[in-house]
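Colleague: I have a structure I would like to understand better, so I am pasting it below and will then ask my questions one at a time.
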């Protein structure tokens, strides 16, 4: 699924988890909004999420994910897997067009409607049209800088905004620490 119109990136580094997103909303090739909020804190700030794709679809998925977190008493890994199962098998949910990036204090995931649950080895998650630009920047910053997780997210989003026409520099970042 090729999701355009946003960039979300999350990283875990040295006990700090951060996720950020740009604020641009596009309809076709027109910018409709510059300061949309595409990241959310769940479970009293213990889990960070970001979404790309259809906003209504993403909110439906975020609500389901929050329900799974409650059902499985905050077990993020279990909640992610159960959400992906539901998303793939439920007639209504499988039509939703969105992706989720999920970061907790020690785990990160990308969840898609095809049933994919990806837990990257380097704890960096990136989705959306500018996701791969932000991912490349984050990998380099992680390797060659002493920046914090929050600073890496900010700089990676700025890089994506410079390259991707569906990403702007109105950045929002949320952080959790151990």
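Colleague: For the stretch 41-90, enumerate the residues that are outside any helix (DSSP H, G or I) and in contact (Cβ under 8 Å) with a residue 40 or more places away in the chain.
Modeller: Passing the criteria: 41, 45, 46, 47, 48, 49, 50, 51, 52, 53, 54.
Colleague: Look at residue 106 and say whether it is under 30 Å from residue 150 (Cβ atoms), touching a residue at least 40 places away in the same chain (Cβ under 8 Å) and surrounded by fewer than 22 Cβ atoms within 10 Å (Cβ to Cβ).
Modeller: Criteria met by residue 106.
Colleague: Among the candidates 101, 134, which residue alone is touching a residue at least 60 places away in the same chain (Cβ under 8 Å) and in a helix (DSSP H, G or I)?
Modeller: On inspection, the qualifying residue turns out to be 134.
Colleague: Taking the residues in the stretch 111-134 that are buried (at least 22 other Cβ atoms within 10 Å of the Cβ) and either more than 18 Å from residue 168 (Cβ to Cβ) or in contact with a helix residue (DSSP H, G or I) (Cβ under 7 Å, 6 or more places away or on another chain) (or both) as candidates, determine which candidate is modelled with the lowest pLDDT.
Modeller: Only one residue fits best here, namely 111.
Colleague: Next question, about the same structure. Would you tally the residues in the stretch 18-49 being out of contact with any helix residue (DSSP H, G or I) (no Cβ under 9 Å at 6 or more places or on another chain), buried (at least 17 other Cβ atoms within 10 Å of the Cβ) and more than 25 Å from residue 67 (Cβ to Cβ)?
Modeller: Within the stretch 18-49, residues that are out of contact with any helix residue (DSSP H, G or I) (no Cβ under 9 Å at 6 or more places or on another chain), buried (at least 17 other Cβ atoms within 10 Å of the Cβ) and more than 25 Å from residue 67 (Cβ to Cβ) number 2.
Colleague: Restricting to the stretch 152-178, what's the tally of residues that are under 25 Å from residue 106 (Cβ atoms), part of a loop (DSSP other than H, G, I, E, B) and over 17 Å from the mean Cα position of the chain (by Cα)?
Modeller: 1
The values are calculated or read from the model by the stated rules, or taken from the named source; none is laboratory data. Just so you know, these numbers come straight off a predicted model, no measurement behind them. Note that each Cβ is placed from the backbone with ideal geometry, even for glycine, and that neighbours are counted across all protein chains shown.
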